[in-house]
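Worksheet for the structure shown next.
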Amino acid sequence: MALSESTILETEQEHLLDEALKIVRAESFEMKRSLDKGLQIEAFKHASTMLSELRTSALSPKFYYRLYVDIINELNHLSTFLVDDSNNENRLQRFAEFYEVVQYAGNIVPRLYLLITVGVIYFKMEGAPKKEILKDLVEMNRGVQNPIRGLFLRNYLLTCTKELLPDTTPDDDSNPAGTVNDAVEFIMVNFSEMNKLWVRMQYAGPSKDREKREKERRELRILVGTNLVRLSQLENLTFDMYQKIVLPGILEQAVSCKEAISQEYLMECVIQVFPDDYHLSTLHEFLEACAELNPDVQIKNILNALIERLAIYAVQEDSPGIPDDVQLFEIFSLHAGNVIGARENMPPEDIIAIQSSLIHLAIKCYPERTDFANTVVDSTCKLLKTQKIESAAPNSNIGKELLKLLKIPIDEHKNIIKLLDVSELSNLIQILNFRGRAIISSYIINSILDNENSLTEEDHINGVFKMIETLVEEELPEDVEIDEDFREQQELVAKLVTAIHNDDLDTHFSLLKTTRKHFGKGGKHRLCFTLPALFLH
């Protein structure tokens with residue numbers, strides 16, 4: 001049986017990796033032997049030859065990563081030896097010399113790996129020019145512009161310097177490495193360079209391999225995101241620094257790169273790694289950037305992720321909640337409208353998904369403000385009618401998203417009386433076709449029964465029957481069969497009678513008469529199911 005092209009490529013990659021690792025093992029052995037003999041310069045030469053294997057362009061990111069891990073493990077032996085060696089006399093001068101020597105390595109990739117390895121140990125010594133070392137390391141890495149090599153090199157830099165970056169308050173000058181300001185600058189430079197390299201991956205190769213490169217890029221995104229995680233871990237990072245330096249820098253990178261995968265990942269990363277109260281206070285800046293993103297970005301995912309996080313924050317027991325001066329719903333409504341308006345070709349189902357996020361926010365954060373939910377439902381109706389969408393099938397993309405939106409207030413309120421306050425729901429239900437309206441009507445009845453809601457007033461009866469009129473009053477389309485599904489739906493309508501109750505007998509009887517009027521509009525095929533329920537009740 002002939003092997004597939006992917007299997008052949010995988011086999012070739014395995015072979016190339018094995019050949020590289022043979023050289024790595026041989027040079028690592030010689031490196032360790034030189035160290036045992038106290039020949040550090042010779043050890044650097046063997047380490048440089050070993051690291052030269054990372055100059056390859058023949059390996060895919062997956063196999064390059066495997067090579068990188070093995071080489072770094074071997075390089076750790078050099079680090080461990082040098083740390084022990086740094087306890088000897090004249091160590092500061094010796095490491096200043098080592099730091100200079102490794103900069104003469106023949107090729108830039110091994111040179112910079114060695115510079116980071118030696119520089120980190122040199123940095124830890126008392127009297128070392130700490131600020132200069134950090135600046136050297138982050139700036140000299142600009143010399144590697146190959147996307148894969150550059151990404152992994154800068155990842156090594158970030159990993160090695162994790163515990164070295166200064167994290168003292170901006171006004172504390174006791175740390176020779178600087179303050180948290182210097183740490184922020186270091187990480188932001190590293191982040192922006194890594195993002196540029198990551199984006200460049202997309203354009204490195206023939207267009208026929210574009211999909212493969214996208215998959216590889218997604219697998220490497222965590223290398224870029226680690227910078228943002230590291231920023232969020234700085235204990236002395238203040239909100240002021242986040243607002244003035246960090247967030248603008250990230251958003252500038254995201255918007256300017258004009259590349260959908262990068263933009264979507266960076267925006268979602270910001271949402272996940274920084275505190276909720278930071279998001280609340282920078283909503284305008286973040287959402288304004290959303291309107292400038294590539295049209296291919298799944299903006300609905302970004303808005304949904306942010307809304308979901310803030311909604312959880314708002315209802316947590318130990319949360320201070322949404323501050324009174326933050327008009328959360330109004331801000332999101334404004335910017336959601338701007339985003340939709342900026343994308344002329346946005347699919348209707350994406351518009352509905354954004355509106356779903358808004359109604360979720362409205363109900364979660366402002367459960368008593370049913371006018372907010374009504375505003376969303378009304379604007380959704382208008383947006384869809386503008387696009388001439390009048391009869392969405394429940395199994396279409398539009399219908400699926402519309403059903404999701406309609407179910408949000410039903411599920412969240414669990415109370416039909418509260419749901420009736422969202423009066424525009426009936427108009428939105430009408431955008432579904434007959435089958436879709438029947439599905440959501442059944443869902444409403446089941447919610448009433450499952451949550452043991454009581455219909456105690458005539459307004460309740462009329463409001464509910466307006467919402468579910470497809471199952472009760474609407475004329476049956478010619479293609480609707482009187483089948484098992486139809487019978488189940490009508491039996492469900494009949495059960496609704498059990499929710500009607502008022503302690504005053506006259507009022508109770510009046511409610512039943514009102515129900516009878518609604519049932520009477522259903523025609524002979526429905527009455528045989530619904531009327532008996534009234535008599536039995």
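Quick notes
- Qualifying position, being open to solvent by 10 Å² or more (accessible area, probe 1.4 Å) and within 30 Å of Asp450 (Cα to Cα), among Pro409, Pro367: Pro367
- Residues of the range 479-537 that are part of a helix (DSSP H, G or I) and of a type in the set (Val, Ile, Thr): Val493, Val497, Thr498, Thr507, Thr514, Thr515, Thr530.
- Counting only residues that are in contact with a Phe, Trp or Tyr (Cβ under 9 Å, 6 or more places away or on another chain) and closer than 23 Å to Glu163 by Cα, the range 86-109 holds 7 of them.
- Unique residue being under 48 Å from the mean Cα position of the chain (by Cα), open to solvent by less than 90 Å² (accessible area, probe 1.4 Å) and at pLDDT below 85 when the list is Ile482, Ile500: Ile482
- Comparison of Met50, Met31 shows that the only residue that is under 24 Å from Cys160 (Cα atoms), surrounded by 13 or more Cβ atoms within 10 Å (Cβ to Cβ) and more than 41 Å from the chain's Cα centre (by Cα) is Met31.
- Residues of the range 119-170 classified as under 16 Å from Thr226 (Cα atoms) and hydroxyl-bearing (Ser, Thr, Tyr), total: 3
- Close pairs from the range 104-120: first over 17 Å from Ala177 (Cβ atoms) and charged (D, E, K, R), partner assigned to a helix (DSSP H, G or I) and open to solvent by less than 10 Å² (accessible area, probe 1.4 Å), Cβ under 9 Å, at least 6 apart: Arg111/Leu51; Arg111/Val102
- Within the set Phe286, Phe239, the sole residue that is of a type outside the set (Val, Ile, Thr), surrounded by fewer than 17 Cβ atoms within 10 Å (Cβ to Cβ) and on the phi < 0 side of the Ramachandran plot turns out to be Phe239.
- Of all residues in the range 289-318, those that are under 19 Å from Ala362 (Cβ atoms), of a type in the set (D, E, K, R) and surrounded by fewer than 19 Cβ atoms within 10 Å (Cβ to Cβ) total 2.
- Cross-chain or 6+ apart pairs with Cβ under 7 Å, the range 184-195 first and of a type in the set (D, E, K, R), then at pLDDT 95 or above: Glu193/Arg154
- Count of the range 321-341 residues, restricted to those that are without any contact (Cβ under 8 Å) to a residue 24 or more places away in the chain, under 13 Å from Cys365 (Cα atoms) and part of a loop (DSSP other than H, G, I, E, B), is 3.
- Residue within the range 416-436 that is farther than 19 Å from Val377 by Cβ and in a helix (DSSP H, G or I) present: yes
- Close pairs from the range 461-476: first open to solvent by 10 Å² or more (accessible area, probe 1.4 Å), partner in a loop (DSSP other than H, G, I, E, B) and not hydroxyl-bearing (Ser, Thr, Tyr), Cβ under 8 Å, at least 6 apart: Glu473/Lys521; Glu473/Gly522; Glu475/Gly523; Leu476/Gly523
- Beta carbons closer than 6 Å, at least 6 apart along the sequence or on distinct chains, pair a first residue in the range 53-65 that is charged (D, E, K, R) with a second that is open to solvent by less than 20 Å² (accessible area, probe 1.4 Å) for Glu53/Ala20; Glu53/Val24; Arg55/Val109.
- Selection status of Phe98, part of a helix (DSSP H, G or I), open to solvent by less than 50 Å² (accessible area, probe 1.4 Å) and within 16 Å of Met125 (Cβ to Cβ): yes
The values are calculated or read from the model by the stated rules, or taken from the named source; none is laboratory data. The model shown is predicted, which means the values in this text are computed figures rather than measured ones. Cβ sites come from the backbone with ideal geometry, for glycine too, and all protein chains shown count toward neighbours. Heads up: the accessible areas ignore ligands, DNA and RNA and are worked out on the full protein's heavy atoms, side chains in. Shrake-Rupley method; radii C 1.70, N 1.55, O 1.52, S 1.80 Å.
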